[in-house]
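Reviewing the structure listed below.
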Amino acid sequence: MGEGSGLRERKKLRTRHALIEAALELFLSKGYEQTTVSEIAAAADVSTRTFFSYFASKEEVIFHNAREGADRALTVIAEAAPGERAADLLGRVVATGFAAIDMDERVSREIAPINHLTMTVPSLRARGLLLLFDVQRELAEALHRACPDELSLTEASAAVGAVIGGAKLAAFVHMSHGASPEEMMRAGRAATAFALAALRASPPASRTSGPPAP
C-alpha cells in the first residue's frame with residue numbers, strides 16, 4: 001500500500017512537471033495570451049481535465065512555486081532561536097531560499113522564463129506584484145512577532161521590503177539589461193547582502209510608529 005501510494009505520488013509529480021515545462025515552452029514560443037489550456041495539456045500528453053486537476057488557470061502555472069517559497073520563509077522565521085537578531089534571521093530566510101533553488105535544477109531552469117513572462121505580460125506583472133506584496137506583508141508580521149523587542153512593525157516591514165524586495169528588484173533590473181540567469185542570481189544575492197549589512201549597522205528606531213501587531 002505504501003509503495004503504491006509512492007508510485008502514484010511520483011506519477012503525479014511527473015505530470016505536474018510536464019505541464020509546467022509544456023506551458024513555459026508554449027508561452028515563450030507562441031505567447032502567453034495566445035496559448036490555450038488545451039494546447040498545454042496536449043503538449044504534456046494529458047487531457048484538459050487533467051490540467052485543471054493540477055492548476056486552476058494558466059496564471060497558476062507561472063506562480064506555482066510562490067506559496068511554497070513563502071511557507072518556507074515563514075517556517076524559518078517561526079523557528080527563530082531565542083534572542084536571534086532580525087538581520088541574522090532574514091539572512092537565514094534568504095540563504096534557505098537560494099539553497100532551495102540551487103538544489104533543484106528544474107526550479108533553476110524555470111527562473112529566467114518565469115521572470116521574463118512576469119515582466120512582459122501585463123496581467124502576470126500585476127499578479128506578481130500583488131503576490132510579492134502579500135508575501136512581504138506576511139513576512140513582516142512574522143518577523144515582528146519573532147523579534148518584538150528589536151523591531152517595531154514599521155521597522156520589520158522596512159527590513160523585509162529592503163531584503164526581499166531588493167533581491168527581486170535587482171534581479172529584474174539586471175534581466176532588463178540582458179543578464180543571464182546566473183547573473184540575475186548573483187545580483188539578487190549581492191542585493192540581499194547589501195541590505196542585510198545596512199540592517200545590521202542601523203540602530204533601532206522609535207517603537208511608537210506603526211499599528212500594533214495583529
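Quick one: is L26 open to solvent by less than 60 Å² (accessible area, probe 1.4 Å), under 23 Å from F133 (Cβ atoms) and touching a residue at least 12 places away in the same chain (Cβ under 8 Å)? No, not satisfied. Of everything in segment 113-131, what is under 12 Å from the mean Cα position of the chain (by Cα) and in contact (Cβ under 8 Å) with a residue 60 or more places away in the chain? Give them in sequence order. Once the filter is applied, which keeps residues that are under 12 Å from the mean Cα position of the chain (by Cα) and in contact (Cβ under 8 Å) with a residue 60 or more places away in the chain, segment 113-131 yields I114, N115, G128, L131.
Just one of the listed residues (T118, T75) is more than 16 Å from L24 (Cα to Cα), open to solvent by less than 70 Å² (accessible area, probe 1.4 Å) and part of a helix (DSSP H, G or I), namely T75. Out of curiosity, is H174 out of contact with any Pro (no Cβ under 8 Å at 6 or more places or on another chain) and under 13 Å from N115 (Cα atoms)? Yes; evaluated as a whole, the condition is true for this residue. Only one entry in P148, P181 is in contact (Cβ under 8 Å) with a residue 24 or more places away in the chain, more than 17 Å from D88 (Cα to Cα) and open to solvent by 50 Å² or more (accessible area, probe 1.4 Å), namely P181. Of the residues A179, A159, A170, the single one that is modelled with pLDDT of 95 or more and either closer than 30 Å to A22 by Cβ or assigned to a helix (DSSP H, G or I) (or both) is A159. If only residues of segment 151-161 that are under 22 Å from the mean Cα position of the chain (by Cα) and open to solvent by 50 Å² or more (accessible area, probe 1.4 Å) are counted, the one that is farthest from L196 (Cα to Cα) is S157. Being among the β-branched types (V, I, T) and farther than 30 Å from Q34 by Cα: is that true of T118 here? The answer is no for T118. Taken together, E84, E39, E110 contain a single residue that is in contact (Cβ under 8 Å) with a residue 12 or more places away in the chain, over 20 Å from H17 (Cβ atoms), surrounded by 13 or more Cβ atoms within 10 Å (Cβ to Cβ) and of a type in the set (D, E, K, R), which is E84. Restricting attention to segment 56-90, the residues that are over 17 Å from L131 (Cα atoms) and of a type outside the set (V, I, T) add up to 13.
The values are calculated or read from the model by the stated rules, or taken from the named source; none is laboratory data. Treat the numbers as computed from the prediction; the structure is a model and nothing was measured. Cβ coordinates were reconstructed from backbone atoms using ideal geometry, including for glycine residues, and neighbour counts include every protein chain displayed. These accessible areas exclude ligands, DNA and RNA; they are computed on the full protein's heavy atoms, side chains included. Shrake-Rupley method; radii C 1.70, N 1.55, O 1.52, S 1.80 Å.
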